[in-house]
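K.L.:
First the structure, which I've put down as structure tokens, then a few questions once you've had a look.
The values are calculated or read from the model by the stated rules, or taken from the named source; none is laboratory data. Note that this is a predicted model, so its numbers are computed, not measured. Ideal geometry is used to build each Cβ from the backbone, glycine not excepted, and the neighbour counts take in all protein chains shown. For the accessible areas, the whole protein counts, side chains as well, though only heavy atoms, and no ligand, DNA or RNA atoms are used. Shrake-Rupley method; radii C 1.70, N 1.55, O 1.52, S 1.80 Å.
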Amino acid sequence: MVIKKVSRLKGEITVPGDKSVSHRAVMFGSIARGTTEITGFLKGADCLSTIDCFRQMGIDISVQGDQVQVHGKGLRGLKKPSQILDAGNSGTTVRLLSGILAGQDFTSEITGDASIQKRPMQRIITPLEQMGASVSSQKDNGCVPLTIQGGNLHGIHYISKVASAQVKSCVLLAGLYADTPTSFTEPSLSRNHSELMLRHFGAQVASHGTTATILPDPCLEGRKIIVPGDISSAAYFIGAGLLTPNSEILIKNVGINPTRDGILRVLKKMGGDVTLLNSRLAGEEPVADLLVRSSELHVASIEGDLIPTLIDEIPLIAVLAAYAKGTTVIRNAEELKVKESNRIDVMVDNLSRMGAKISGTKDGMIIEGGHPLHGAQIDTHLDHRIAMSFAVAGLICEGELTLQGAECVNISYPDFYQDLYGLSE
Ligand code: S3P
């Protein structure tokens, strides 16, 4: 895929549904009793993997456009899958589903594609084993394929070394099947969609600072779920609108949950002209329309508790930093190394190919902004967030930028390129 420079971007766009919320709606709907009706569902490859896994466990799920109906069978209604469950490229599927599988009285296996087979699963194996499940990594490398023998779980208070919504959600979901309450404490607050949505389904979940506690054995009831637009997808349009001269884009219905809105806070500090309009609630989640206008950017610090609130946006932020005035230092983001690709190495390699002054550190990157960038061959490593970040860089750099493996945007945003070019004049 060749990305070319555009003169300006103008118009209105609605980005697809939030990936994290879409996964959770299907999962929680499956273990609730009765029908869950989801609107705004993201039909990306990752969330379709979640649907496939639950269909294999006997849940009837129908999909029509962005409307999904899940006919849940209650906490103990899943049937033993006849084959190994396939999570595809989706870390959220493996980690959250493992928490549910740990509570079942059958043995199951779960695996995924080449990228997921390298991602760390010890972070969920340890707490699930402490709760009493038996979870083994078939290759003994702390990765999938996993074999999970569930049942007879005990409540624990788990103190996690990493701030991770996937690990937190895994432990809380297993906690639904435990004999006493389960708590999870993390170093900084990660996204709280599970806590909000589990409460909506009828679970008792308390949140105090960075600790969440769930009571076991609730009666979860099918619900209506409205999925907000994904701020992680909107981020590319925000970035494109800020960097492309004379641009103005209205991005409608974007989720602005405070555990996800770090990108907005950073852009404000960087001098980005982003106005929130029509702030409202869509179901359990806050949303707004975002009006973005071209801006001159300068540096801001990106570290500490802010990191989990913008973790998936850091590749895009690195592109913005390459165009900003001054030197940006991103710290405390070692989690980037274990995403769909090693996002520190991949950003340093690809931005360097474009002529940026960037170096990787043990937990982030240092980017000296303001050097002109030129087109290059970009290796996406089949990581959707890398592909979309460089598609934005390609709109403003001099010369042609080629994306290898551009189709990986299917994971979270199948129509990404059409939508992006649809705004160009
Ligand atoms: C997600 C949590 C984050 C994020 C991922 C989706 C979720 O991962 O990077 O894209 O849906 O819970 P971690 O929990 O590993 O930080």
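K.L.:
Which of the residues that make up region 73-103 are open to solvent by less than 10 Å² (accessible area, probe 1.4 Å), assigned to a loop (DSSP other than H, G, I, E, B) and polar (S, T, N, Q)?
P.N.:
90
K.L.:
Still on this model: Could you check region 1-70 for strands (runs of 3 or more DSSP E) lying wholly inside it with 3 or more residues that are closer than 26 Å to residue 81 by Cβ and either within 16 Å of the ligand (Cβ to nearest atom) or in contact (Cβ under 8 Å) with a residue 24 or more places away in the chain (or both)?
P.N.:
33-39
K.L.:
To continue, here is another question. Of (1) open to solvent by less than 10 Å² (accessible area, probe 1.4 Å); (2) within 16 Å of the ligand (Cβ to nearest atom), residue 188 satisfies all except one. Which?
P.N.:
Unmet condition: (1).
K.L.:
Looking at region 325-425, what strands (runs of 3 or more DSSP E) fall wholly within it and have at least 1 residues that are surrounded by 24 or more Cβ atoms within 10 Å (Cβ to Cβ)?
P.N.:
327-330, 364-368, 377-379, 401-404
K.L.:
Also, I was wondering about something else. So is residue 118 in the same structural domain as residue 48 (by TED's automatic domain parsing), surrounded by fewer than 23 Cβ atoms within 10 Å (Cβ to Cβ) and within 26 Å of residue 310 (Cβ to Cβ) or not?
P.N.:
yes
K.L.:
Right, here's the next one. From the residues in region 272-289 that are touching a helix residue (DSSP H, G or I) at 6+ places or on another chain (Cβ under 9 Å) and not aliphatic (A, V, I, L, M), which one is most open to solvent (accessible area, probe 1.4 Å)?
P.N.:
284
K.L.:
Given 306, 267, which one is surrounded by 23 or more Cβ atoms within 10 Å (Cβ to Cβ) and in a helix (DSSP H, G or I)?
P.N.:
The unique qualifying residue is 267.
K.L.:
Also: Out of (1) touching a residue at least 60 places away in the same chain (Cβ under 8 Å); (2) within 16 Å of the ligand (Cβ to nearest atom), what's the single condition that is false for residue 155?
P.N.:
(2)
K.L.:
What are the residues in region 373-397 that are touching a Gly at 6+ places or on another chain (Cβ under 7 Å) and either modelled with pLDDT under 95 or more than 15 Å from residue 1 (Cα to Cα) (or both), if any?
P.N.:
Correct list: 373, 374, 397.
K.L.:
Inside region 296-341, can you point out the residues that are on the phi > 0 side of the Ramachandran plot, within 16 Å of the ligand (Cβ to nearest atom) and without any contact (Cβ under 8 Å) to a residue 60 or more places away in the chain?
P.N.:
Of everything in region 296-341, just one residue is on the phi > 0 side of the Ramachandran plot, within 16 Å of the ligand (Cβ to nearest atom) and without any contact (Cβ under 8 Å) to a residue 60 or more places away in the chain, namely 332.
K.L.:
Can you name the number of the only condition in (1) open to solvent by less than 30 Å² (accessible area, probe 1.4 Å); (2) out of contact with any Lys or Arg (no Cβ under 7 Å at 6 or more places or on another chain); (3) within 16 Å of the ligand (Cβ to nearest atom); (4) in contact (Cβ under 8 Å) with a residue 60 or more places away in the chain that residue 128 fails?
P.N.:
(4)
K.L.:
Next up: How many residues are open to solvent by 10 Å² or more (accessible area, probe 1.4 Å) and touching an Asp or Glu at 6+ places or on another chain (Cβ under 9 Å) if we restrict to region 310-322?
P.N.:
Residues meeting the conditions: 1.
K.L.:
Still on this model: Determine whether residue 231 is closer than 30 Å to residue 325 by Cα and modelled with pLDDT of 95 or more.
P.N.:
Spelling it out, residue 231 is indeed closer than 30 Å to residue 325 by Cα and modelled with pLDDT of 95 or more.
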